[in-house]
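A.B. asks: First the structure, which I've put down as structure tokens, then a few questions once you've had a look.
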Amino acid sequence: MNAAPQAVTIVMVEDDEGHARLIEKNLKRAGVFNEVRHFLNGTAALDFLVGHGRPEHRPLLVLLDLNLPDMSGFDILARLKADPQLKPVPVIVLTTTDDEREIRRCYELGCSVYITKPVNYETFAQAVRQLGLFLAVIQVPPTP
Amino acid sequence: MPIDKSMFGRLSMLLMATGFAALLASGAGMVWLVGETRSFATGVVSSQDVRIAASQLLSLVQDAETGQRGFLLTGEERYLAPYRRAVADLPRELPALVERIIADGGDAAAARALQQQVEAKLAELAETVSLAQSGAVEEALAVVLTDRGKVVMDAIRQAVAGIESRSLARGEARSEGLAGNARLLLAGAGAAFLLMLAVTIGAGLLARRYTQALEAAQAEVTAANTSLEERVGERTAALAAANDEVQRFAYIVSHDLRAPLVNVMGFTTELEAAVAPLGALIAAVEREAPALITPEARAAVLEDIPEAVGFIRSSTQRMDRLINAILRLSREGRRLLHPEPIDLEALIAGLAATQQHQLDEAGASLALAPGLPRIHSDRLAVEQIFGNLVDNAVKYLDPGRPGRITIRGRTTRSHVLVEVEDNGRGIDPRDHGRIFELFRRSGRQDRPGEGIGLAYVRALARRLGGDVECRSTPGLGSTFRVTLALTAPANTQTPSAEDSPA
């Protein structure tokens, strides 16, 4: 077990609790033990990220679903990328949609990786494990 | 009453014929009248000639009588000069007059009577003159005194007067006729003029009415076209909107159906993973304390749960395929077409080449008849249409005979018709329409597939301004006929990057 920087959190915006649970499980299996802050809707997530409860330090990563009950994931992505402090934070879009236009739009808005949630669970687990690998190579941002 | 084209033709022919007949009749009338007039004029002249000749005859006879009287009175030969001239002239003048009278249509009997009287008069004169010359003047005078000569002379005067008056009457009648003819001519010409005027006006009115009828019909056609275009436009817009809505609906549904499926699949796998240590536990307990294990618990862990998981997994996978099919159809409906020039023959030959492996495996052959045209359409869609059809043909061949697939086409004014014919197992006539519906299949379900291909082919063909239909005899083979617009219609909708499923 590696001594992961405990202060660095992963923010997960996902309205489907089942999906959230499966993602967390597979992240752990991939050896990612950072704290995962889970939000079920866009409003709460934005409140945490850019609102009053804005954390002292930047999150390590934002995992974002596009289909949220109160807003579109595109809006959250745009808000994050418009914030000078949060702009460098990698955003990984993890969603059911595999429509080309939406993928293109996400990349245009500045997302780092776009992952489609496959129904096939093996592929799903594989995708999340690759996410773990991705996390292993990104630098922990220096604390300002 | 509306005037149609053939009626207009018939009426104008009739009017023209009437006008021509009037012209002809008036011309013929003129010719006839000119002839008549000429003969009247000749008649008038000849009547006049008769009168002149008659009066000349009378004066000759009078001259002869004058000469006779002078000679008898004086006894001198020189008074006989008028007599001699008259006697010399009369034998010529007399028959000429008779001829003229007869030629003029006068009374021939009266003319001959005149001739005899004149001859009688001349005989009396000759008798007296010869008596006087021979010296018997008294006897000559006695002959004169018999009044024989006077009576004849009176008769001659009377006859000449009669001839003159009759001839005058004839001349007058002829002048009358001439004037009548002139009036007739004028009336005829007037009538012909009026008739032609009527024909001209009639033709003008007819042409005007026909033109008006044509203009009215044209206006009607234009109005009908305009309203038809409007209606077609409205319907097209409504259909495009409805189609858009269906596409969006399918898209949203398929995305929203996918999310729970991820959970079902994920947790099923988790469950399966959780059963593995349980199985190990059962095995361990069986070894250590077999009494603790009931057969139910053993069956549940080792048989029931894995079986349930297996069914959940296969059903979920199938549901995923169905959702993907809906998604694919909905995406195809939203995809922007990119029409480009396509050599259909080369395209299908290329498809056949990619299918060669499957064809060889099935022991089948594919023949491509020449004559497929070049079209302007979406390459990807056309490839998918014929790819699916050839794929199906290979998939449902009859194992009892070597497969033969034939592709041929012909071109109409606006479309190309391509037939993909096989000698495969065929399709039940009841299913010829149904097979184009999503998730519907026909016949023995012994080949893999979800019933998507033909629904997809139909959706694509319709988007390309065409359609697809099936003719088939079970046991003999099937023919799928694809019609495609030679020039694919423009995109009816404009899917944009702004479309989001939310």
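A.B. asks: When the Cα atoms of the stretch B:5-213 are enclosed in a convex hull and the volume is divided per residue, what value in Å³ results?
C.D. replies: On the way: hull volume 22.1 nm³, N = 209.
Dividing the Cα hull volume of the stretch B:5-213 by its residue count gives 106 Å³.
A.B. asks: Rg/Rh for the stretch B:207-352 to two decimals, with Rh computed the Kirkwood way over all alpha-carbon pairs.
C.D. replies: 1.45
A.B. asks: Pick from A:GLU14, A:GLU122, A:GLU35: which is most flexible by mean-square fluctuation in a GNM of chain A where alpha carbon atoms under 10 Å apart are linked?
C.D. replies: With Cα springs under 10 Å in chain A, the top fluctuation among A:GLU14, A:GLU122, A:GLU35 is at A:GLU122.
A.B. asks: While we're here: Please give the calculated 222 nm ellipticity per residue for the protein assembly as shown, where each DSSP H segment of at least 4 residues contributes -39500 (n - 2.57) and the sum is spread over every residue; nearest 500 deg cm²/dmol?
C.D. replies: The helix contribution divided over the protein assembly as shown gives -22500 deg cm²/dmol.
A.B. asks: What list of ³J(HN,Hα) values in whole Hz, one per residue of the stretch B:268-276 in order, does the Karplus curve 6.51 cos²θ - 1.76 cosθ + 1.60 (θ = phi - 60°) give from phi, with Gly and Pro shown as x?
C.D. replies: So the Karplus estimates, Gly and Pro as x, are 4, 5, 4, 4, 4, 5, 5, 6, 4 Hz.
A.B. asks: May I pose another question? Taking R0 as 41 Å, what FRET efficiency do you get between B:THR146 and B:SER175 from their Cβ-Cβ distance, rounded to the nearest 0.05?
C.D. replies: 0.40
A.B. asks: Under the definition of partner shielding as Cβ atoms of other protein chains within 10 Å of a residue Cβ, what is the mean value for peptide A:93-104?
C.D. replies: 4
A.B. asks: Evaluate the charge dipole of chain B about its Cα centre and quote only its size in Debye, nearest 20, assuming +1 on the Cβ of each Lys and Arg and -1 on the Cβ of each Asp and Glu. Don't jump to the answer; show the numbers that get you there.
C.D. replies: On the way: 54 positive and 61 negative charges, 36 e Å.
Once rounded to the nearest 20, the dipole reads 180 debye.
A.B. asks: Give me the inter-chain shielding for A:121-128: mean count of other chain Cβ atoms within 10 Å, whole number please. Mind showing how you got there, number by number?
C.D. replies: Details: counts 13, 2, 1, 4, 3, 0, 0, 0.
Whole-number average of other-chain Cβ neighbours for A:121-128 is 3.
A.B. asks: Okay, moving on. Rounded to whole Å, give me the distance from the Cα center of the stretch B:290-345 to that of the stretch B:133-166.
C.D. replies: 158
A.B. asks: Let me ask you something else. So what is the relative contact order for chain B, in percent, with contacts set as C-alpha pairs under 8 Å and at least six apart?
C.D. replies: For chain B, the relative contact order is 12 percent.
A.B. asks: Sequence-distant or interchain residues sharing an amide H contact under 5 Å with A:MET12, placed H: which?
C.D. replies: Those lying under 5 Å, H to H, from A:MET12 are A:ARG37, A:HIS38, A:PHE39, A:LEU63.
A.B. asks: Dividing the alpha-carbon radius of gyration of chain B by 2.2 N^0.38 Å (N being the number of residues), what value is obtained?
C.D. replies: Working it through for chain B, the quotient is 2.71.
A.B. asks: I would also like to ask the following. Output needed for the stretch B:149-211: three equivalent-ellipsoid semi-axes, defined as square roots of 5 times the C-alpha gyration tensor eigenvalues, in descending order, whole Å.
C.D. replies: 59, 4, 4
A.B. asks: Still on this model: Find the eigenvalues of the gyration tensor of the Cα atoms of the stretch A:47-95, then list the square roots of 5 times those eigenvalues as equivalent ellipsoid semi-axes, largest first, in whole angstrom.
C.D. replies: 18, 12, 10
A.B. asks: Classify the stretch B:370-502 from the C-alpha gyration tensor, please: rounded if a/c falls under 1.5, else prolate or oblate depending on whether a/b exceeds b/c. Each step should come with its number before you reach the end.
C.D. replies: Working: a/c = 2.35, a/b = 1.36, b/c = 1.72.
Taking the square roots of the gyration eigenvalues as a ≥ b ≥ c, the stretch B:370-502 is oblate.
A.B. asks: Ok, one more. At q = 0.09, 0.12 Å⁻¹, what is the base-10 log of I(q)/I(0) for the protein assembly as shown according to the Debye formula with one equal point scatterer per Cα and no solvent? Please give it to two decimals.
C.D. replies: These q points yield log10 I(q)/I(0) values of -1.00, -1.25.
A.B. asks: Just to be sure I understand the curve: with the Debye formula and one point per C-alpha of the stretch A:9-135, what is log10 I(q)/I(0) at q = 0.15, 0.19 Å⁻¹?
C.D. replies: Here the Debye-derived log intensity ratios amount to -0.63, -1.06.
A.B. asks: Inside 10 Å of the C-beta atoms of B:261-274, what's the mean count of C-beta atoms belonging to other chains?
C.D. replies: Per residue, the average neighbour count from other chains is 5.
A.B. asks: Which net charge results when you count Lys and Arg as +1 and Asp and Glu as -1 among the other residues whose beta-carbon is under 12 Å from that of B:GLN115?
C.D. replies: Residues near B:GLN115 contribute -1 overall.
Where a number appears in this text, it was derived from the coordinates with a stated rule and is not lab data. Remember, predicted model here, so these are calculated numbers, not experimental data. Virtual Cβ from ideal backbone geometry, glycine too; neighbours counted across all protein chains shown.
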